[in-house]
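The values are calculated or read from the model by the stated rules, or taken from the named source; none is laboratory data. Because the structure is a prediction, the values reported are computed rather than measured. Because the Cβ atoms are built from the backbone with ideal geometry, glycine has one as well, and the counts that use them run over all protein chains shown. In case anyone asks, the SASA skips ligands and DNA or RNA and just uses the protein heavy atoms, side chains included. Shrake-Rupley method; radii C 1.70, N 1.55, O 1.52, S 1.80 Å.
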Amino acid sequence: MTATVAVVGASLAGLSAARALRARSYDGRVVVIGDEVHAPYDRPPLSKEFLAGTYSLEDLVLGTAADEALDLDWRLGTAAVGLDRATRSVRLADGSEVRADGVVLATGARARRLPGTEGLAGVHVLRSLDDAVALRADLLAAGHLVVIGAGFIGAEVASTARALGLDVTVVETQPVPLAGPLGARMGGVCAELHADHGTRLLAGTGVARLVGRTRVEAVELADGRRLPADVVVVGIGAVPNVEWLAGSGVTLEAGVRTDARCATNVPGVVAVGDCASAWSPDAGRAVRVEHWTHALEQPTTAVATLLGTDPGTRPTVPYFWSEQYGRRIQFAGTRRDGDDVRVVEGSCADRSFLAVYERDGQPVAVLGVDQPRLFTRWRRQLRSAEPATPLTA
Amino acid sequence: MVPVCPTSALPPGEAIRVTDGVPAPIAVFNVDGEFLAIDDTCTHQDASLADGWLEGCEVECPLHASCFDLRTGMPSGPPAKAPVRTHPVTVVDGTVHVQVGGAAEGAA
Ligand SMILES: Cc1cc2nc3c(=O)[nH]c(=O)nc-3n(C[C@H](O)[C@H](O)[C@H](O)COP(=O)(O)OP(=O)(O)OC[C@H]3O[C@@H](n4cnc5c(N)ncnc54)[C@H](O)[C@@H]3O)c2cc1C
Ligand code: FES
């Protein structure tokens, strides 16, 4: 039995890891290190209810009364700046050091920024609570919003801003938004929600530069068009927070590289959530999953690996959801280009449907728009159909 | 007591949402022949738990997958933090009845 576990990153994956340690009767010291000053909070509402003003700060809190009993040693407001693999010590920005027998890396990801826009007022990214507070304040005083990137976060911000009464334009480099996660056909269907609700979508268009001296005034497109903007939100993906591990000997490869059981190449060090690129037997390669349910569930496996016990979890299929313009979008499974898509319930035109993705005649993924009941049944079916693939890389 | 449906209309593994005659929607489940009722609306957001997935004596919310114990109303894990209320169910002459806001309030 080890005496101290250090959890680096105090958000969903970190908190879930701490809970999983105690659930497995780990009775050593658990130190949770987080660079944000806030106690763990939930990120999905930051682009939805919190940005809309219907959720309070309190609604975002992830911790519960039951967590008090976990007896965690919190180090909030201090970044980890290094890891020494020989002694498994985590060095903190305040000069202190946490010596641990086991380390859980859960430092997540940060929003990618548009180069050259630092210091220009009115330009936002959305990842943290502080980002959301600043963006909401700016949106309430604005008339024209331009969102760069029509991924999930960009689309959700556009949707929330429309509901707040702004004039919204979304600019997307790819010809079809969300083609990566949903495939071109269903990406196109979901993108139609923008037009339904009066948001202008300019797809297949690059951004040349942002115009403005101290505050943004317009977005200039690659084709020369200028879109007036009081506020710009850049939603062009996220980069894993792993730079602090450089030189530690932990293998970094589009995130912290782990096997299917969350083990890194360094004994006693596991990685979870958005910062981790875990071997996926299903995909046949390492995948960095950036979804809520994954960050919630994966630490159970990581903690079992750390403690040397059997993970004992049933297989799950990847799952994420989004909410746009009041529509509930849910997706489960693993999609690849070339999969066939079939609408099995409802219709795309009604914006309420269930689509099944098939490969070699077998269902591999499912997309639901405003079909929670049916979607849940399909998600379950995919889960029970998971083949018993070997877990090692 | 609010009549819900004939027992034959609610086979094992199924759920029904009750909206008439109740202050807030209630979900009634048939768990292997035993009828159990809870508030239908998830305490996290406004999903209908009657749309969820029944497994053993728990229902998994169709949106973000918190599981609620049908006997106690307690969520087993995030994102839901608060319990749903539970409601006593009786069968009278082959009809399922639910008693709203009865003795079996959600365990705290
Ligand atoms: C606006 C928004 C909306 C979203 N909506 C959805 C949705 O609808 N559905 C869905 O499935 N997913 C959604 N997600 C994704 C989901 O929130 C993430 O997958 C989840 O937060 C990942 O959790 P994590 O703990 O791995 O990482 P994070 O939540 O990123 O947390 C990592 C934490 O570690 C901290 N940290 C970083 N570096 C250090 C360091 N060196 N030392 C100490 N601490 C450090 C970070 O500041 C942060 O607090 C959304 C995300 C965002 C930002
Ligand atoms: S609405 Fe039920 S868990 Fe979110």
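Across peptide B:57-65, the mean count of Cβ atoms from other chains lying within 10 Å of each residue's own Cβ comes to 4.
Computed from point charges on the beta carbon alone (+1 for Lys and Arg, -1 for Asp and Glu), the dipole magnitude for the protein assembly as shown about its Cα centre is near 1160 Debye. Highest mean packing first, where packing is the average number of other Cβ atoms within 10 Å per residue, the peptides B:3-15, B:58-70 line up as B:58-70, B:3-15. Modelled label positions at A:Asp101 and A:Arg213, each set 7 Å beyond Cα in the direction of Cβ, lie 6.3 nm from each other. Counted residue by residue at 0.36 nm each, then reduced by the alpha carbon distance between them, the extension gain from A:Arg110 to A:Leu140 reaches 8.4 nm. In this simple spin-label approximation, A:Ala246 and A:Asp59 carry label points 7 Å from Cα along the Cα→Cβ vector, and these lie 4.0 nm apart. Here's the picture: charge each Lys and Arg Cβ at +1 and each Asp and Glu Cβ at -1 in region A:202-305, and of A:Ala276, A:Ala304, A:Leu210 the one pushed furthest to the positive end of that dipole is A:Leu210.
I'd like the distance between the alpha-carbon centres of region B:38-61 and region A:90-112, rounded to an integer number of Å. Here the two parts' Cα centres lie 37 Å apart.
Hey, could you get me the Stokes-Einstein D for the protein assembly as shown, Kirkwood radius over alpha-carbon pairs, 10 °C and 1.306 mPa s, rounded to whole µm² s⁻¹? The diffusion coefficient I find is 65 µm²/s. Dipole of chain A computed with +1 at Lys/Arg Cβ and -1 at Asp/Glu Cβ about the Cα centre; of A:Ile33, A:Gly122, A:Gly180, farthest Cα towards the positive end is A:Gly180. Highest-first packing order for the peptide set A:8-21, A:197-210 is A:8-21, A:197-210, based on the mean count of other beta carbon atoms within 10 Å.
Per residue of A:368-375, other chain Cβ atoms within 10 Å of the residue Cβ number 3 on average.
Taken residue by residue and averaged, Cβ atoms of other chains lying within 10 Å of the Cβ of B:68-79 number 2. Computed in the context of the full set of protein chains, the accessible area of region A:57-126 at 1.4 Å probe radius has 46% of its extent on carbon or sulfur.
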